[in-house]
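The values are calculated or read from the model by the stated rules, or taken from the named source; none is laboratory data. Quick caveat, the model's predicted, so the values are computed rather than measured. Positions of Cβ are backbone-derived with ideal geometry, glycine not excepted, and every protein chain shown enters the neighbour counts. For accessibility, only protein heavy atoms count, side chains too; no ligands or nucleic acids. Shrake-Rupley method; radii C 1.70, N 1.55, O 1.52, S 1.80 Å.
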Amino acid sequence: MRLIIAANWKMHKTAAATAAFCQALRRDEALFDGVDVLICPPFTSLPAAAAGLQGSAIKIGAQDMHWEKQGAFTGEIATSMLLEYGVSSVIIGHSERRHLMGETDQQVSLKVRAALASGLQPLLCLGETETEREQGKTVAVIERQLSYVFESLAAEDLSNLVVAYEPVWAIGTGKAASVDDAEDAAALIYRLAADRFGAESAKGLRVQYGGSVRVDNIGSYMALPSISGALVGGASLEAVSFSALIQAARKAILH
Ligand code: PGA
């Protein structure tokens, strides 16, 4: 399955910094062959990303969206506004939105459905907190978060859906999940998709791992049977190191 490596910049990089990053990353583009590379800048930097990546195979993602097409939703952004800047994917349900902004499973589900309906590829983030893990609730949390989203999907949607397994305790902490835990979670995601939509449709789904991914550990995740990509925060902010990370991921599946 084709790898998808996405840079989640969170609240980092102005338009000027985005332009400089794009220029630098493009120099290495020939080395990314076979990998879907995606950068997800803040909304205000999307035009700079669109200009900086014109003619490039590197794609653009947004970090969030609203499920309504337009209306009185101060501070929100609609899919049409993202599509205008060549955005092809959107991060939905990131743990920082769920836990810091109080986003609910229902809202996440509405967003995923609206993204797919508008032709955007959702990068649906899910995963357990440290407390939930300690209480042995990891499987139950993944099942719950996924079932809300599956509720509103059809089998054919899976081929345009990416699920990022991101244990909350691993995000930005330097404490990445073990490869066994990452594989278990990703295999569970496939199993739940197959139970609901059938094995054939589940094969269209791609699962990323996210949480303290670095150049020295990405290879071990990419080599796992159920993982075909990564959602990268901190290690995606410098073009040189993000490029090295993509190359390391590619190498891991070539050997
Ligand atoms: P991190 O963030 O790579 O800095 O841990 C990952 C994410 O939040 O998607």
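Residues 29, 143 ordered from highest to lowest accessible area at a 1.4 Å probe: 143, 29.
Please return the longest range in the chain lying between exposed loop sites, taking trypsin sites (Lys or Arg not before Pro), DSSP loop only, at most 11 other beta-carbon atoms within 10 Å, and leaving the sites out. Longest gap between qualifying sites, sites excluded: 70-255.
Proximity of backbone amide H atoms, modeled 1.01 Å from N, is registered between residue 3 and 36 at under 5 Å, excluding neighbours fewer than 5 places apart on the same chain. Taking segment 144-178 and a reference point 7 angstrom along Cα→Cβ of residue 187, the backbone N atoms nearer than 15 Å belong to 178. Per-residue extension of 0.36 nm, minus the Cα-Cα distance of residue 147 and residue 43, leaves a gain of 34.6 nm for this segment.
Couplings for segment 130-142, taken from phi via the Karplus curve 6.51 cos²θ - 1.76 cosθ + 1.60 with θ = phi - 60°, read 4, 5, 4, 5, 4, 8, x, 9, 3, 4, 4, 5, 4 Hz in order; Gly and Pro are left as x.
Per-residue extension of 0.36 nm, minus the Cα-Cα distance of residue 160 and residue 56, leaves a gain of 35.4 nm for this segment. Summary of the geometry: segment 155-224 and segment 4-59, compared by the centres of their Cα atoms, lie 23 Å apart.
Distances between every pair of Cα atoms in segment 155-202, grouped in 10 Å steps from 0 to the bin holding the largest one, split as 24, 44, 25, 7 percent.
Normalising the average separation of contacting C-alpha pairs (under 8 angstrom, six or more residues apart) by the number of residues puts the relative contact order of the chain at 20 percent.
Determine, from the Cβ-Cβ distance of residue 27 and residue 76 and an R0 of 30 Å, the FRET efficiency 1/(1 + (r/R0)^6), rounded to the nearest 0.05. Efficiency, rounded to the nearest 0.05: 0.25. Per residue, the solvent-accessible area of segment 89-181 (1.4 Å probe, heavy atoms of protein chains only, all protein chains present) comes to 41 Å². For the chain, the extents of the C-alpha atoms along the principal axes are 50, 44, 35 Å, listed from largest to smallest. The modelled label-to-label distance for the pair residue 216/residue 11, using points 7 Å beyond Cα in the direction of Cβ, is 3.1 nm. Each residue of segment 177-194 was assigned a 3J(HN,Hα) from its phi angle through the Karplus expression (A = 6.51, B = -1.76, C = 1.60, θ = phi - 60°), giving 5, 5, 5, 5, 5, 5, 5, 4, 5, 5, 5, 4, 4, 5, 5, 5, 5, 5 Hz with x at Gly and Pro.
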